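Data block below; observations after.
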């Protein structure tokens, strides 16, 4: 059996009464009921309900974590946070006796649904589609979603973090010109260091496709790139944007640097294609600095130079040039044929001294200035590129270091 105590009746203690329900006369009091309060209730009774010894009991406090859980659940911006807050709120409410259980449960449920929706969106590619739509929307507002060939000003410059840009015509002064956009594969964010390495390699490889004439790229121009942040990666951003800008951050560029099939005529393209054959081999100089250190390596490289010269001569003589350029190009082809002979002799040299003799003669004939007349006749840049103290030839096959 369970013993239950019964609380005493409310009001003052009841005095003993006689057989007829009256107080004994010996009490010396009149048989009247107890006085009533001003509100009409008997003395000792609360007029509007039961109160504790120090007045009415205050209501329980609403748990603040529960409120936050509900807010995150409704907004569905960071559902994982709402779910965690909801579970913490339920634990605190049970422990402290606070109010807000309903809000905590609602926040937990909504956050769970939000997580499920995010997972489904990632699996179905909805976020990637949303990112593409966002980029299209941002295009009209001038934020930094740039395409190849566009020029822009960046309020924050070309270094550090930037989120927007103002597109301007390339004929006007501008901070940067986009020359390539590289699309990365899906997957986890590669990390900032990995993205930087990829951008450095890919952008330098792609600059020759945008500026086919290396003489047209000023020495003060440098390559920059914009890479996805971890935040934009979550929304499907997979693009590295390769940009030309001035080496001095206080300076701007004027005019487009683009020199490809969209800006060059057929004769200019034919000449640059032929010139590129030799340029690719000349950039791959032997790793050993002197023929005495590794003569076989230098001989192999000289043979490649001779073959490249033969191919360039063939391409130059196989094209029908306009009347004003026919003779200058013909003279250039004859000089290159002479240089091919010298490099072929260097490739067959028996000793380092013989190699150096013929290689020096070959370098003399392949001097860039021998092509100035032909370039001028074709309307191409006629001043050889100048390499300042911060730029130079990349002996690892990357062309100009910028």
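One chain, two ends: residue 94 and residue 252. Fully extended at 0.36 nm per residue, the span grows by 50.4 nm beyond their Cα-Cα distance. Sorting 93, 105 from the fewest to the most surrounding beta carbons within 10 angstrom yields 105, 93. Going from the residue with the fewest nearby Cβ atoms within 10 Å to the one with the most, 345, 94 rank 94, 345.
The fewest-to-most ranking of 235, 290, 179 by surrounding Cβ atoms within 10 Å reads 290, 235, 179. Can you tell me how region 153-223 classifies by the Cα gyration tensor, rounded, prolate or oblate, using a/c under 1.5 as the rounded cut? Oblate. For residue 232 and residue 304, the FRET efficiency from 1/(1 + (r/R0)^6), where r spans their Cβ atoms and R0 equals 51 Å, is about 0.70. Expressed in Å, the radius of gyration and Dmax of the Cα atoms of region 266-400 are 15.5, 48.
All of the numbers you see were taken from the coordinates with simple rules; none came from a lab. Just so we're clear, the structure is a prediction, and the values are computed from it rather than from any experiment. With ideal geometry, Cβ positions are generated from the backbone for all residues, glycine too; neighbour counts draw on all protein chains shown.
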